[in-house]
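Here is the structure we will look at, set down as structure tokens.
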Amino acid sequence: MEILEIPTKNKKIDVHQGDLEFELKPDQTNFPFKIINIVVLAKMKFADAETKIDFDQLEKNIEVKRLNRFPCVLFKIDNISIILFKNGKAIITGLKKHEQINRIAKKMEKLLRNQGKLQFESLSTEIQNLVIMSRLGKIVNLELACLTLTNCLYEPEQFPAAIVKTPHGGTFLIFSNSKIIGLGMRSMDMVRKSLKFLINEIFENDLFINLNVEEPLEDPFDDDFFF
């Protein structure tokens, strides 16, 4: 029988291999996720801070859609939606990658200057919301999760997911089929910290339903969006 030499603090001891049991625990907190939407706030800087955009004039120059009961117009660039307000602020939504932000912002600035005939000094952008999706691969007991997790709300008659707020700033929707949607985060660092905290809490408290699933859950991810 093989003898193993085990180092200790002061000396080494010899034990038989069969006398030891090793429990290897996989890292359960580093789950892949993908970005499904980036919401960006764009701001035009006017020479006169009181400047308001004339939508009637803008509508003559570029194709925009008026939104009923809201003082804004909607237009698209490369299938990315942009909601423009009279004060020069705009919401850009539908982005999937960070590198799209500068490209869309430059096209937006060019469109509004050249075709829209708007006069402004600069255009700045700031991420307002990162929406991400991850998946645990196990069925979650949402009733137990709501009783166990802090800042958790679950009302199945109103919404099919448990809503959890983490101390790192993120809000997550946990569905019973193991899908997790995260929102309200503004940086990748916040995403990673919030998601890691949530998943660690779920595994530490064993908030799963043990079911015999014949086929594994489908992988919802595209390789391009893994982090």
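The values are calculated or read from the model by the stated rules, or taken from the named source; none is laboratory data. In this text, all values refer to a predicted model and were calculated from it rather than measured experimentally. We place every Cβ from the backbone using ideal geometry, glycine too, and count neighbours over all the protein chains shown.
Please state which one of Met108, Met185, Met190 is surrounded by 17 or more Cβ atoms within 10 Å (Cβ to Cβ), under 30 Å from Ala90 (Cβ atoms) and assigned by TED's automatic domain parsing to the domain that holds Phe46.
Met108
For region 139-164, which residues satisfy the criterion of being over 18 Å from Phe208 (Cβ atoms) and part of a loop (DSSP other than H, G, I, E, B)? Before the answer, list the steps.
Quick first cut of region 139-164, residues over 18 Å from Phe208 (Cβ atoms) only: 150-151, 153, 155, 157-159, 163.
Hits for region 139-164 are Thr150, Asn151, Glu155, Glu157, Gln158, Phe159.
Tell me the residue from Arg192, Arg135, Arg186 that is farther than 17 Å from Phe31 by Cα and of a type in the set (D, E, K, R), please.
Working: Arg192 fails: farther than 17 Å from Phe31 by Cα; Arg135 fails: farther than 17 Å from Phe31 by Cα.
Only one candidate passes the filter, namely Arg186.
Look through Glu126, Glu121 and report the one residue that is under 26 Å from the mean Cα position of the chain (by Cα) and surrounded by fewer than 15 Cβ atoms within 10 Å (Cβ to Cβ).
Numbers: Glu121 fails: under 26 Å from the mean Cα position of the chain (by Cα).
That would be Glu126, the only listed residue that is under 26 Å from the mean Cα position of the chain (by Cα) and surrounded by fewer than 15 Cβ atoms within 10 Å (Cβ to Cβ).
Being surrounded by fewer than 19 Cβ atoms within 10 Å (Cβ to Cβ) and within 20 Å of the chain's Cα centre (by Cα) is the filter here; which residues of region 151-165 pass it? If you could, list the steps in order and put the result at the bottom.
Our first condition is that a residue be surrounded by fewer than 19 Cβ atoms within 10 Å (Cβ to Cβ); within region 151-165, this holds for 151-153, 155-160, 163, 165.
Asn151, Cys152, Leu153, Phe159, Pro160, Ile163, Lys165, listed by residue number.
List pairs: first residue in region 143-166 and closer than 18 Å to Ser194 by Cβ, second residue among the acidic types (Asp, Glu) anywhere in the structure, Cβ distance under 7 angstrom, at least six positions apart or on different chains.
These pairs meet every condition: Leu149/Glu201.
Please indicate, with yes or no, whether at least one residue in region 11-24 is modelled with pLDDT of 95 or more and among the small types (Gly, Ala, Ser).
no
List the residue pairs whose Cβ atoms are under 6 Å apart, where the first residue sits in region 61-76 and is in the same structural domain as Gly94 (by TED's automatic domain parsing), the second is part of a helix (DSSP H, G or I) and of a type in the set (Phe, Trp, Tyr), and the two are 6 or more positions apart or on different chains.
Every condition considered, the pairs that remain are Val73/Phe55.
Results for (1) assigned to a strand (DSSP E or B); (2) acidic (Asp, Glu); (3) out of contact with any His (no Cβ under 7 Å at 6 or more places or on another chain); (4) in contact (Cβ under 8 Å) with a residue 60 or more places away in the chain, shown as yes or no for each residue.
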site	(1), (2), (3), (4)
Ile36	yes, no, yes, yes
Val40	yes, no, yes, yes
Ile53	no, no, yes, yes
Ile91	yes, no, yes, no
Ala105	no, no, yes, yes
Lys110	no, no, yes, no
Arg113	no, no, yes, no
Met133	yes, no, yes, yes
Gly137	no, no, yes, yes
